[in-house]
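Here is the structure we will look at, set down as structure tokens.
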Amino acid sequence: MKRIAVVSTKDCVSCGCCEKACPKNAIAVYRGIYANVNQELCIGCGLCVKACPADIISLKEVDMVG
């Protein structure tokens with residue numbers, strides 16, 4: 001199992017705090033509307049979860065493919 005960050009896009013305030021906190025550049029604010037996580041780059045470290053002032057990012061366990 002692998003952990004990845006998941007953003008509640010409808011509640012995202014597009015502040016960019018998670019984007020700045022990510023050591024793997026796996027998060028980008030999409031068109032200034034919401035943060036999007038690149039699941040292939042995300043290592044599930046949780047730094048974005050701690051950095052989010054809106055508390056709308058969580059870690060989710062997913063099956064690894066391949």
Quiz item: Which residue pairs have Cβ atoms under 6 Å apart, sit 6 or more places apart or on different chains, and have a first residue in segment 4-25 that is closer than 13 Å to ILE57 by Cβ and of a type in the set (Val, Ile, Thr) and a second that is at pLDDT 95 or above and part of a loop (DSSP other than H, G, I, E, B)?
Solution: ILE4/CYS42; ILE4/GLY44; VAL13/ALA54
Quiz item: Any residue in segment 14-30 that is of a type in the set (Val, Ile, Thr) and over 11 Å from the mean Cα position of the chain (by Cα)?
Solution: no
Practice problem: Go over the candidates GLY32, GLY16 one by one and state the one that is at positive phi, out of contact with any helix residue (DSSP H, G or I) (no Cβ under 8 Å at 6 or more places or on another chain) and at pLDDT below 95. | Solution: GLY32
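The values are calculated or read from the model by the stated rules, or taken from the named source; none is laboratory data. The shown structure was predicted, so the numbers you read here are calculated from the model rather than taken from an experiment. Cβ: placed from backbone, ideal geometry, glycine included. Neighbour counts: every protein chain shown.
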